[in-house]
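The values are calculated or read from the model by the stated rules, or taken from the named source; none is laboratory data. Because the structure is a prediction, the values reported are computed rather than measured. For neighbour counting, all protein chains shown are included, and Cβ atoms are generated from backbone atoms with ideal geometry for every residue, glycine included. Protein only, heavy atoms only, side chains kept; ligands, DNA and RNA dropped before computing areas. Shrake-Rupley method; radii C 1.70, N 1.55, O 1.52, S 1.80 Å.
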Amino acid sequence: MSFTGEMTGWGVFLMSADSAADSGVVGATGDDSAPVLIFGRGAMTRLVDGRKTATVAGADHELAVGAVGAVVMAMVPGGVARLSLRVRQCHRVPEVSMVPQVAAAAGLELSSFTKCRSWDGYLQGVAQQEFPGPVCVLGVEAVGELVGEVPPKGRPTPKRKRQPPPPPKPKPDPNASKAVKGGWLLVGSSGPVKVTPLTMVHPLDKAVLQQRIGAVMARRAPSLEVRRALGPVVGALLEKGKAGPNGLEKVDRERLKGRLPVAVAWLSQHQLLVRGAWNPKLLVGLRIRHVVTRGGATARTASGTASGTVSGAAGGVRGGGR
């Protein structure tokens, strides 16, 4: 025999052990003299507080005869809570579909049976119990106190919060600096590029750099004295492939010491030199490579990161970058 449903609150009679053999139903009761009705925790709670005063049970011949006034035991599955009920009404119903009409004739409302909002919802649950034959509409009332405790309502497993999708991977910047053949770095038009006086310019790119410097000088029109200083200094830088005056050898700086301050001042003023080295904007599209000194020996290194940054050792810049 099926048990009652918690939401709809219908009941199923289990007869006492003495009559179980005759009815073909195995009984389970703490009191062998009283039939047992099994209810879910919700229905049992409403029986205790008086909101539930009616139920539908499987019709039993022995119960149907003189059922009014009888005391039955309401239990939750497992028997952890029990409540004595007195039957005040008992109406046999040939078919489950006729329960609403019989209940209305007996003065029982839907709310006396269930929390369902319609008879259809309640009767669907009753039909699932598969009662063999007719059923009974019972009007009941609680007598005595609840024995035991109604088990707490099980909490549903909390749903996992939906994780936001990972951010899209940034696409590589086509204009960023990138490593090219021979350990050189091709300077891009975007992204940081660090240039030091020891940075070397590719021999095949010196002519392009000379044209760019010459174009700036033509626009700025330096004085004759400045031009006389710029010519040798810029020429030495291009010839040696260095990016700044402090990258020149000592002998070259000694040879240019009369012109070097004037040339460096003018080149810095017009942003051709930035922090003692060629402005990275002058080097866009050109190939560069760092040269650092270690213990007095010159060693060539090509360092280009994925972001297009060319890194140079600060200890390799002799005499500072200004």
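If I ask for residues that are within 25 Å of VAL291 (Cβ to Cβ) and open to solvent by 50 Å² or more (accessible area, probe 1.4 Å), which ones from region 163-179 would you list?
Answer for region 163-179, where residues must be within 25 Å of VAL291 (Cβ to Cβ) and open to solvent by 50 Å² or more (accessible area, probe 1.4 Å): LYS178, ALA179.
Taking the condition in contact with a strand residue (DSSP E or B) (Cβ under 7 Å, 6 or more places away or on another chain), crowded, with 20+ Cβ neighbours inside 10 Å and part of a helix (DSSP H, G or I), does LEU209 pass?
The answer is yes for LEU209.
Assigned to a loop (DSSP other than H, G, I, E, B) and touching a strand residue (DSSP E or B) at 6+ places or on another chain (Cβ under 8 Å), is that true of PRO166?
No: the conditions fail for PRO166.
Mind listing whichever residues of region 217-255 are open to solvent by 30 Å² or more (accessible area, probe 1.4 Å) and on the phi > 0 side of the Ramachandran plot?
Selection gives ALA221 alone.
What are the residues in region 169-201 that are closer than 24 Å to GLY247 by Cα, among the charged types (D, E, K, R) and part of a loop (DSSP other than H, G, I, E, B), if any?
LYS194
If you scan region 138-155, which residues turn out to be farther than 18 Å from ARG41 by Cβ and either assigned to a loop (DSSP other than H, G, I, E, B) or modelled with pLDDT of 90 or more (or both)? Spell out the reasoning first.
Kept after step one, since they are farther than 18 Å from ARG41 by Cβ, are these residues of region 138-155: 138-139, 141, 143-144.
Result: LEU138, GLY139, GLU141, VAL143.
Out of all the residues in region 254-311, which are in a strand (DSSP E or B), at pLDDT below 90 and among the aliphatic types (A, V, I, L, M)?
VAL291, VAL292, ALA297, ALA299, VAL310, listed by residue number.
Which one is modelled with the lowest pLDDT among residues in region 46-61 that are assigned to a helix (DSSP H, G or I) and either open to solvent by less than 30 Å² (accessible area, probe 1.4 Å) or under 23 Å from ALA127 (Cα atoms) (or both)?
The residue in question is HIS61.
Can you name the residue in region 87-132 that is in a loop (DSSP other than H, G, I, E, B) and of a type in the set (S, T, N, Q) and is also surrounded by the fewest Cβ atoms within 10 Å (Cβ to Cβ) among such residues?
SER118
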